[in-house]
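The values are calculated or read from the model by the stated rules, or taken from the named source; none is laboratory data. Quick caveat: nothing in here was measured; it's all calculated off a predicted structure. Because the Cβ atoms are built from the backbone with ideal geometry, glycine has one as well, and the counts that use them run over all protein chains shown.
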Amino acid sequence: MSGLAKLFLSQNHLKAIGLVAAEWSYTEMCLEHLIWEMAGLDNQRGYAITTHVPSETRMHILETLADTRLPNDALKKKLKTTVADLRTPRMERNNIVHALWLSSKPNQFLMKDVLKKRKPIPASIKIQAKGKLNITNKPIISKQIQATAVKIGKLVTKMYNLLHEIRADRPQKPC
């Protein structure tokens, strides 16, 4: 491993961050497939429309399509609940994947510490500058990051099951 990540992150942290990123990519794909299904789009048209659309916008599109295109109220409610359930893990994912990861003990973390087997718990540094500068420093253990990945993975499974239910509920065209 090369670069700065090896200075600040353990193998467990690197794996957990990568797992969150990978699980979220399946979430994005699921959001797309649900949109395409409800909008009646094939893959080619679907990709042309949703590829560069951010996940929050995809969630709004999906909720709107559910409201206008799903005749089954139970499925409509299930879809809207699932989308609502995505909002917190989406924020957690963004905070994990887009964080600047540094030592939680920056004044004590010197190059000689790299030689030690145990690194201090890394901190997720988040910087916001929207009218006011706000810098937060939050130490996070790898198990917390893995828990987010597991939560996202369970939601992906729930979304795929919902996609299959929506497809099964679709009116069949006469032959």
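So the values come out like this:
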quantity	calculated
Exclusive hit being touching a strand residue (DSSP E or B) at 6+ places or on another chain (Cβ under 9 Å) and either of a type in the set (S, T, N, Q) or on the phi > 0 side of the Ramachandran plot (or both), set 95, 12, 72	95
Pairs with Cβ under 6 Å, 6+ apart, first in the range 148-175 and more than 18 Å from residue 81 (Cα to Cα) and in a helix (DSSP H, G or I), second modelled with pLDDT of 95 or more and aliphatic (A, V, I, L, M)	148/20; 149/19; 149/20
Any chance residue 13 is at pLDDT 95 or above and over 21 Å from residue 161 (Cβ atoms)	no
Residues satisfying the stated conditions in the range 39-59, i.e. over 13 Å from the mean Cα position of the chain (by Cα) and either outside any helix (DSSP H, G or I) or closer than 18 Å to residue 85 by Cβ (or both)	40, 41, 42, 51, 52, 53, 57
Search result, residues across the range 106-130 that are charged (D, E, K, R) and modelled with pLDDT under 90	112, 113, 116, 117, 118, 119, 126
Residue match in the range 52-68 (condition: in contact (Cβ under 8 Å) with a residue 24 or more places away in the chain, surrounded by 12 or more Cβ atoms within 10 Å (Cβ to Cβ), of a type in the set (D, E, K, R) and out of contact with any strand residue (DSSP E or B) (no Cβ under 6 Å at 6 or more places or on another chain))	yes
Checklist (1) modelled with pLDDT of 90 or more; (2) among the aliphatic types (A, V, I, L, M); (3) under 23 Å from the mean Cα position of the chain (by Cα) applied to residue 133, failing item	(3)
Filter result for the condition that a residue is out of contact with any Leu (no Cβ under 7 Å at 6 or more places or on another chain), under 20 Å from residue 155 (Cα atoms) and of a type in the set (S, T, N, Q), over 51, 64, 82, 27	64
Residues of the range 1-38 classified as without any contact (Cβ under 8 Å) to a residue 60 or more places away in the chain and not in a helix (DSSP H, G or I), total	4
